[in-house]
1. Taking the condition in a helix (DSSP H, G or I), surrounded by fewer than 23 Cβ atoms within 10 Å (Cβ to Cβ) and either of a type outside the set (A, V, I, L, M) or in contact with a strand residue (DSSP E or B) (Cβ under 7 Å, 6 or more places away or on another chain) (or both), does residue 606 pass?
2. Just need a number here: residues in segment 95-122 that are in contact with a Gly (Cβ under 8 Å, 6 or more places away or on another chain) and part of a loop (DSSP other than H, G, I, E, B).
3. With the requirement that a residue be at pLDDT 90 or above and under 29 Å from the mean Cα position of the chain (by Cα), what does segment 611-633 give you?
4. Going by the structure shown, is residue 160 assigned by TED's automatic domain parsing to the domain that holds residue 304 and under 28 Å from residue 474 (Cβ atoms)?
5. Are there any pairs with C-beta distances below 9 angstrom linking a residue in segment 350-366 that is closer than 17 Å to residue 272 by Cα to a residue that is surrounded by 13 or more Cβ atoms within 10 Å (Cβ to Cβ) and of a type in the set (S, T, N, Q), with the two at least 6 apart or on different chains, and if so which?
6. What tally of residues in segment 560-592 results from selecting those that are more than 20 Å from residue 535 (Cα to Cα) and of a type in the set (A, V, I, L, M)?
7. Tell me the residue from 60, 50, 21, 85 that is surrounded by 22 or more Cβ atoms within 10 Å (Cβ to Cβ) and of a type in the set (Asp, Glu), please.
8. Taking the stated definitions as given, is residue 767 modelled with pLDDT of 90 or more and either buried (at least 21 other Cβ atoms within 10 Å of the Cβ) or under 25 Å from residue 440 (Cβ atoms) (or both)?
Amino acid sequence: MGPLPSQLETVATLSVRGAEDAELEQNLTKHGIALSVAEARRIAAELGRDPALVEAHAFDAQWSEHCSYKSSRVHLARLPTESPDVILGPGEDAGIVRLGEWNGESYGIVVAHESHNHPSQVVPFEGAATGIGGIVRDVLCMGARVIALADPLRFGPLDDPHSRYVAQGVVDGIAAYGNAIGVPTIAGDVYFHEGFRDNCLVNVVALGIVKESEIIHSRAPAGSEGWDIVLVGKATDRSGFGGAAFSSLVLDEKDAEANKSAVQVPDPFLKNVIMRASYRAFDVIRELGLTVGFKDLGAGGIMGCTAELAASGGFGARIALERCPTSQPNLPPAVIAVGETQERLAWVVPPSFTPRLLQIYNEEFSLPEIARHAQAAVIGTITTEKDYVLTHHGTEVMNVPIEFLTAGIKYERPYTAPPVAEPIDAPGANRWLLPDVTIDPKLFEQTTKAVLGHTDVASRRTIFERYDSVVRGVTSIPCGFADSGVVVPIPGAPLAFAVSVDGNARYASIDPRWAAELAVVESVANVVSVGARPAAMTDCLNFGNPEDPAQLAELVAAIDGLTLAARELRLPFVSGNVSLYNQSAAGKSIPGSAIVACIGVIEDVSASVTSGFKRVGSSVVFLRYAVSEPAIGGSVIGDVLGFSDRRLPSIDCEKIAMINAAVLDSIHSGLVLAIHDVSDGGVMSAVAEMIFASRSFGTIGFEFEPHNRWTDGPEGATEAYFSESGGFVVEATDDEALRTKCSQHGLASMCEFFWLGRTTGSPHILAEKAILSVSELYKAWSQPLGSFYEGVLA
């Protein structure tokens, strides 16, 4: 039940029990504690006394939205998390997906998905870099070798100087950190939208490889009472103090300078050495047959990590803060305990192994020589008493029940009905059509260029070329060559995996539930398009203030959408994150954004395909997901033409699953030369991008088949070319064989199978009456973000 009041009489406390609500609120604000008045009173009631200031800061971190998911836990429980492909689901620092067997060993893909939104808006370079640093540690501490990164990003309009400054800083931060630690960034996406002017989104995904028999867990092992807790890495400093609480607050411009102190300072070169030293420690631990615990220090710092390590194993812990290496003398105990200094991890190991572990980090890899005061040091022990105790030079500054601290709290907050899209078949549904831009060849050309030049469609090469996507020599398909990145993680083995990240802000502004479903559908389609079998997903849910019933409703609706699509496609979520309070002080919230990453498994990487057309004279077909007329709600063509519509593309997951299966079978049967999913910009954008990606194969153009029934439907030719109904554009070795393959998968009466036309040896796209120059289209597509690094930084 914690210490008696006399034991803490010399320690500063937070006055709770004797304070009126207004006074207590002032006390909390004075000390930079984001707990609510009710939460502070609940803590005091459980402890039977006023909490010490260190304790108050500890609960502030552990009970934040960032750590405890207090507003979302009740809803997240609906997500499916189990399947034969899951080795380890949610609950630890990362999930693990089954890759396959090689030389008698079963391998798993370790994957974690996080956000670093608030820090990146306040200090873009450092915020994004530390986001990469944190997600890498999550994968590393599972005993895995980190082998790939992905980065879904959302920014305000590029014509806004500050949004451009934020975007440039974020991209440079990701590049600087990922390149320095030698981990390739192989996938990602970028959207520019008015809704992210005040709150950017920086989501990050890290992936690693581990043998199933060599997984290390983020908990104190059974029988580990009396074992050492060893802190590894950078010396603790003042950076990042209050970071977890800061990430769970609404951003306010007047607090901008103060908020910067809550952002950690990255050191990727130190991390590089820590990673290599940890790999060496893994080898020694496995040689000795030891079972240990290993966890990254993220939110809540030393306190958060060590408390969770101990509690998840059913133990308590006792930590001596003066043993923790610090960058300067006389740091306050609260800063040492809760500060979120980067590049740190903690081990739970038997005392007999501790000297060897210290020798690996401090001598073999010379951490103290890499950064000032960096080292591995014993800071505490695992205890059988289920209390969490911190001492500072012999004085107890914290003593609380560990389960009360780490269990967090749970709210069932009220919410209202979220915005919804207009069903296509609803009575009185809006059926007015887009103007037919194909009638006038010049207008068709201008429209196509405008769609390709839209910032949500235009080439991202200027961005992803900042990243080293092949640094480890394991990348099979890097950014820009296909809808997903592909990695071959095991030397000599044909096993590979693909990863894609998706989520459309324009859709989310209309209907967060439907947008979440479509994020699942597109991320799955992207891994299918390289020949990977979808195995599992992760999610990062980026939303506004959960205390606002309307904004919480968007989160609930998105979780419902994820749950429905995942269950119908029979795919589990193995990891994820929730980022709330993405709202400005003026009350402007971001478009609720469910970002989904899909991991796909490839048994033989030689069967994978890319998106560029491969030869002249190929038949090209369109396998369309939509079951009725296309919709243009939230589409690029709607934005380009200023056409407002609340209809979103229809979803039939049963049909989608059948088409995906037919596509995978066709790829593995050698019937597919190139493939691209249909999303932003529709079929015309997909065809153009396949031509742009084919440049190494010589001059390839395309001729759409005239009088094609694909454009003869009631929706009109413009929607046929540019609607985002989903599906695949496929360059086939034999279109009739491909049609037969679809029939074998039960699609004879269901599949919308359209023959689009043929590839040509002319540098043009021929469509309707227009002759579109490929070089002019490429210029329109490549220029908008080609100037990404131009302009004055705000």
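1. Judged against the criteria, residue 606 is a match.
2. Counting residues in segment 95-122 that are in contact with a Gly (Cβ under 8 Å, 6 or more places away or on another chain) and part of a loop (DSSP other than H, G, I, E, B) gives 1.
3. 611, 612, 623, listed by residue number.
4. So residue 160 fails the test.
5. As it stands, the answer is 360/278; 361/278; 361/375; 362/375, since those pairs meet every condition given.
6. Of the residues in that region, 5 qualify.
7. Residue meeting the stated conditions: 60.
8. yes
The values are calculated or read from the model by the stated rules, or taken from the named source; none is laboratory data. These figures come from a predicted structure and were not determined experimentally. Every residue, glycine as well, gets a Cβ built from its backbone with ideal geometry; the counts of neighbours run over all protein chains shown.
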